[in-house]
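The values are calculated or read from the model by the stated rules, or taken from the named source; none is laboratory data. All figures in this text were calculated on a predicted structure; none of them were measured in a lab. Cβ: placed from backbone, ideal geometry, glycine included. Neighbour counts: every protein chain shown.
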Amino acid sequence: MKSAREMELLLKRMPVGRLAVMCKDGPYIVAVNYLYFEGGIYFHSGLSGRKIDALRDDSRVCFLVDDIGPQVLWDTGCGISQIYKSVACFGTAELVEGSFEKRRILEKMVQKYVPAGYQVAPMEDRNIEKTAVVKIIIESMSGKKNELLPSHTVLLNHFQRSNKPYKDPSRVRNKGD
């Protein structure tokens, strides 16, 4: 991926990212629900635990999102390849301070994951107080992709969830895009 815009669209679209931190006993990676918003990556957590402790000791992080497509057969290399898009972000993490800002980010996260029109109960102050919200300040990012080409033959195998034809979700337009 060459353009920042293409990488940002993938960051906005995907539901789960992988956060890599450095613990005292070595690297640790964990999947998190997240929000890409105003040029930063946000996630929520408990106030303590392995990832929060690691971030307090060393704020440097790597964050990865990927969209995995089908495996394909073709006449190049070893004859099989994987269709995918991925973005790796490098930066530092900081705890979001203040209940107003934490609430604003948490409400944006809820909007990302809850279907439009679904009524969500207002967040209680006591729940916001016992929730950590972390912002990743992106210092750099890089993207990779291997797109489906007309010369590829989609391989139906045990990793696929269905035998429906693969459609690249970044090429499907939704209302509001």
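Assorted remarks:
- Each residue in the stretch 20-42 was checked for being in contact with a strand residue (DSSP E or B) (Cβ under 9 Å, 6 or more places away or on another chain) and more than 18 Å from Ile105 (Cα to Cα), and 8 pass.
- Of Val114, Val110, Val134, all but one fail to be touching a helix residue (DSSP H, G or I) at 6+ places or on another chain (Cβ under 9 Å), closer than 23 Å to Asp66 by Cα and modelled with pLDDT of 90 or more; the exception is Val134.
- Taking the listed residues Leu73, Leu106, the one that is surrounded by fewer than 13 Cβ atoms within 10 Å (Cβ to Cβ) and either touching a residue at least 40 places away in the same chain (Cβ under 8 Å) or among the hydrophobic types (A, V, I, L, M, F, W, C) (or both) is Leu73, with no other qualifying.
- Which numbered condition Glu8 misses (of (1) exposed (fewer than 14 other Cβ atoms within 10 Å of the Cβ); (2) closer than 26 Å to Val96 by Cα; (3) free of Cβ contacts under 8 Å to residues at least 40 places away in the same chain): (1)
- Any hit, the stretch 78-95, residues being in contact (Cβ under 8 Å) with a residue 40 or more places away in the chain and outside any strand (DSSP E or B): no
- For the stretch 22-65, the set of residues classified as among the hydrophobic types (A, V, I, L, M, F, W, C) and in contact (Cβ under 8 Å) with a residue 60 or more places away in the chain consists of Leu35, Phe37, Ile41, Phe43, Leu47, Ile52, Leu55, Val61, Phe63, listed by residue number.
- Looking across the stretch 1-56 at every residue that is among the aliphatic types (A, V, I, L, M), over 17 Å from the mean Cα position of the chain (by Cα) and outside any loop (DSSP other than H, G, I, E, B), the one that is nearest to Lys130 (Cα to Cα) is identified as Ile52.
- Filtered residue count, the stretch 102-137, keeping only those that are within 22 Å of the chain's Cα centre (by Cα) and part of a loop (DSSP other than H, G, I, E, B): 4
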